[in-house]
Amino acid sequence: MRGKWARGIVPRNFYWIIKDRLAVCERPGGFGENHRRVRRQEEIIWLRENGFDVVVSLLASEHNLHSYDELEVEWAQVPFNGAEDGVDRLNGVFAEFTSLLDAGKRIVLHRDELGEVICGLVAAYLLWRGLVPTGPRAVAIAEQLLERQVGSAGRQIVELVAAGHEVDPSEVVG
């Protein structure tokens with residue numbers, strides 16, 4: 001039997017969005033002054049040992065991406081800064097997620113922290129993918145899943161999708 005540390009530790013603020021398919025978390029190891037190399041390694045080990053196929057970094061910087069290579073974890077860099085990136089960039093980000101998920105990959109998304117951008121991105125993706133019928137419903141579900149409120153910056157991301165993508169409730173998956 002392998003030791004406890006060989007299995008790694010759960011990344012901070014880890015939440016399932018689509019059970020066993022899509023999750024979110026804080027950047028492995030933390031960010032800023034709180035970043036710890038050993039913690040980063042243990043959290044990446046946990047992701048690997050728990051069957052995640054791809055870690056998706058939503059950050060523009062390449063900080064610590066080499067750590068995934070060192071621990072033999074596939075990664076993708078799909079930068080997204082928020083609503084100011086625009087609807088075309090948002091659609092591109094969602095196309096990347098969908099491509100990975102449709103290929104059967106189990107993915108985890110991260111930014112430095114689990115804040116406004118990732119909360120809004122989760123809600124917007126649920127709407128974009130047709131899993132919920134309206135922007136307000138997508139926000140409510142994201143708030144439940146992530147145990148935090150989606151503020152104005154996150155709601156602006158949802159609005160990018162909602163403006164041209166309200167789904168007929170009869171078309172909602174599941």
From the options Ser61, Ser57, residue that is hydroxyl-bearing (Ser, Thr, Tyr), under 30 Å from Ser152 (Cβ atoms) and surrounded by fewer than 14 Cβ atoms within 10 Å (Cβ to Cβ): Ser61
Region 7-20 residues that are over 11 Å from Leu109 (Cα atoms), paired with ones that are of a type in the set (S, T, N, Q) (beta carbon under 9 Å, 6 or more apart): Arg7/Asn50; Gly8/Gln41; Gly8/Asn50; Val10/Asn50
Whichever residue in region 31-48 is open to solvent by less than 60 Å² (accessible area, probe 1.4 Å) and over 15 Å from Ser61 (Cβ atoms) and, among such residues, is modelled with the lowest pLDDT: Arg39
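To keep it simple, each residue is scored yes or no on (1) surrounded by fewer than 18 Cβ atoms within 10 Å (Cβ to Cβ); (2) assigned to a helix (DSSP H, G or I); (3) at pLDDT 95 or above.
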residue	(1), (2), (3)
Ala123	no, yes, yes
Arg137	yes, yes, yes
Ala140	yes, yes, yes
Glu143	yes, yes, yes
Val150	no, no, yes
Arg155	no, yes, yes
Val158	no, yes, yes
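Can you tell me how many residues in region 80-93 are over 25 Å from Glu143 (Cβ atoms) and open to solvent by less than 50 Å² (accessible area, probe 1.4 Å)? Full working, then the answer.
Within region 80-93, the first condition is being over 25 Å from Glu143 (Cβ atoms), and the residues that meet it are 88, 92.
From what is left, the residues that are open to solvent by less than 50 Å² (accessible area, probe 1.4 Å) are 92.
Residues flagged as over 25 Å from Glu143 (Cβ atoms) and open to solvent by less than 50 Å² (accessible area, probe 1.4 Å) within region 80-93 amount to 1.
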Sole exception among (1) buried (at least 19 other Cβ atoms within 10 Å of the Cβ); (2) more than 21 Å from Trp46 (Cβ to Cβ); (3) under 13 Å from the mean Cα position of the chain (by Cα) for Glu96, by number: (1)
Residue within region 103-111 that is surrounded by fewer than 17 Cβ atoms within 10 Å (Cβ to Cβ) and part of a helix (DSSP H, G or I) present: no
Pairs, first closer than 19 Å to Gln41 by Cβ in region 69-82, second open to solvent by less than 70 Å² (accessible area, probe 1.4 Å) and charged (D, E, K, R), C-beta under 8 Å, six or more apart: Glu74/Asp53
Residue check for Val73: touching an Asp or Glu at 6+ places or on another chain (Cβ under 6 Å), closer than 21 Å to Ala103 by Cβ and open to solvent by less than 70 Å² (accessible area, probe 1.4 Å): no
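Could you list all residues from region 70-102 that are touching a helix residue (DSSP H, G or I) at 6+ places or on another chain (Cβ under 6 Å) and in a helix (DSSP H, G or I)?
Step one: filter region 70-102 for residues touching a helix residue (DSSP H, G or I) at 6+ places or on another chain (Cβ under 6 Å), giving 71, 73, 75, 78, 80, 82-83, 87, 90, 94.
Of everything in region 70-102, those that are touching a helix residue (DSSP H, G or I) at 6+ places or on another chain (Cβ under 6 Å) and in a helix (DSSP H, G or I) turn out to be Ala83, Val87, Leu90, Phe94.
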Pick from region 1-30, criterion at pLDDT 95 or above and on the phi > 0 side of the Ramachandran plot, ranking: least open to solvent (accessible area, probe 1.4 Å): Asn13
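The values are calculated or read from the model by the stated rules, or taken from the named source; none is laboratory data. Bear in mind that the values here come from a model prediction, so they are computed numbers and not experimental data. Cβ: placed from backbone, ideal geometry, glycine included. Neighbour counts: every protein chain shown. Calculation scope for accessible area: heavy atoms of the full protein, side chains included, ligands and nucleic acids excluded. Shrake-Rupley method; radii C 1.70, N 1.55, O 1.52, S 1.80 Å.
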